[in-house]
Amino acid sequence: MSTSPRWFTDTGPEHSQWYIDRFRKMAADGVDLAGEARLVDAMVAPGSRILDAGCGPGRVGAELAARGHVVVGVDIDPELIAAAEADHPGPAWVVADLAELDLAGSGQPEPFDAAVLAGNVMAFVAPGTERAVLTRVGAHIRPDGVVVVGFGTDRGYPVADFDQDAAGAGLVLEHRFSTWDLRPWSEGAGFAVSVLRKPGEAAVAGPVGADLALSSRRDCAD
């Protein structure tokens, strides 16, 4: 079994720069690249700590930081991390393998309120490490925190396998959509956005604004 991520084994030597240039051009052209960040932002309290796992050149983490969150982005590709540092100063950008993630050694010992894995991250990890990736990401999330994962269903990683891996990692599936803007999920959809929760009670003193956010949700429900 290969231990190299598909990001390296299934692409050519120029792929990373092509990917960086692609999103730089889309941003310059005014393309809306904030869909993933909008969804995560709506799920957490203001000022939350968010892990952008498989951050690439940083577009999702940068948008979350612009919305007031404390962001740490992680990617195994140093070229992508260099682009994130150049284009989006502010968040902490770390080169690391998600399957072996241990951010305490990188000066980030505090748990996160949420993690996001966008951009087909799960389809680009090393074959057979998917459960390890979800386990290590989950280990960095506080009890009652969320892990939001999006990937194409035609990328060689069946949703049923993902569900088994998520459960094996101790994460509970709460919601599933077919797009980042919450289109309903249906079998056969080309994309899956899954909201996983780490079981456990939330801390009494949560992130800034947590009590206000909870109160607002209750008011809306009344």
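Those residues that are loosely packed, with under 14 Cβ neighbours inside 10 Å and either in contact with a strand residue (DSSP E or B) (Cβ under 8 Å, 6 or more places away or on another chain) or not in a helix (DSSP H, G or I) (or both), I need them from region 23-37; list them, please.
Asp29, Gly30, Val31, Asp32
If Gly119 meets every condition in (1) within 16 Å of Ile20 (Cα to Cα); (2) at pLDDT 95 or above; (3) of a type outside the set (Lys, Arg) apart from one, which number is that one?
Going through (1) within 16 Å of Ile20 (Cα to Cα); (2) at pLDDT 95 or above; (3) of a type outside the set (Lys, Arg) one by one, Gly119 breaks only (2).
Between residues in region 1-27 that are farther than 22 Å from Val133 by Cα and residues that are in a helix (DSSP H, G or I) and acidic (Asp, Glu), which pairs lie under 8 Å by C-beta distance while being six or more apart or on different chains?
Sorted first by the residue in region 1-27, then by its partner, the pairs are Gln17/Glu79; Ile20/Glu79; Arg24/Asp87.
All but one of (1) of a type in the set (Gly, Ala, Ser); (2) assigned to a helix (DSSP H, G or I); (3) at pLDDT below 95; (4) within 15 Å of the chain's Cα centre (by Cα) hold for Ala99; which doesn't?
(3)
Within region 155-178, identify whether any single residue is surrounded by 13 or more Cβ atoms within 10 Å (Cβ to Cβ), more than 15 Å from the chain's Cα centre (by Cα), of a type in the set (A, V, I, L, M) and at pLDDT below 95, and answer yes or no.
no
When you check Trp7 against the structure, is it closer than 18 Å to Asn120 by Cα and loosely packed, with under 14 Cβ neighbours inside 10 Å, yes or no?
No, not satisfied.
Could you tell me whether any residue of region 42-52 is modelled with pLDDT of 95 or more, among the β-branched types (Val, Ile, Thr) and over 14 Å from the mean Cα position of the chain (by Cα)?
no
Against the definition (in contact with an Asp or Glu (Cβ under 6 Å, 6 or more places away or on another chain), more than 30 Å from Pro127 (Cβ to Cβ) and surrounded by 14 or more Cβ atoms within 10 Å (Cβ to Cβ)), how does Ser48 come out, yes or no?
yes
Contact list please: Cβ distance under 6 Å, first residue in region 169-189 and free of Cβ contacts under 8 Å to residues at least 60 places away in the same chain and closer than 18 Å to Val147 by Cβ, second residue among the hydroxyl-bearing types (Ser, Thr, Tyr) and outside any strand (DSSP E or B), pairs at least six apart or on different chains.
Ala169/Thr135; Trp185/Ser178
Can you tell me which of (1) within 22 Å of Leu171 (Cα to Cα); (2) surrounded by 17 or more Cβ atoms within 10 Å (Cβ to Cβ) is the one Ala139 doesn't meet?
Of (1) within 22 Å of Leu171 (Cα to Cα); (2) surrounded by 17 or more Cβ atoms within 10 Å (Cβ to Cβ), only one is false for Ala139: (2).
Scan region 62-86 residue by residue and report those that are touching a residue at least 24 places away in the same chain (Cβ under 8 Å) and either in a strand (DSSP E or B) or touching a Leu at 6+ places or on another chain (Cβ under 9 Å) (or both).
Listed by number, the residues that qualify are Glu63, Val72, Val74, Ile76.
The values are calculated or read from the model by the stated rules, or taken from the named source; none is laboratory data. The shown structure was predicted, so the numbers you read here are calculated from the model rather than taken from an experiment. A quick note on method: Cβ atoms are made from the backbone with ideal geometry, for glycine too, and the neighbour counts reach across all protein chains shown.
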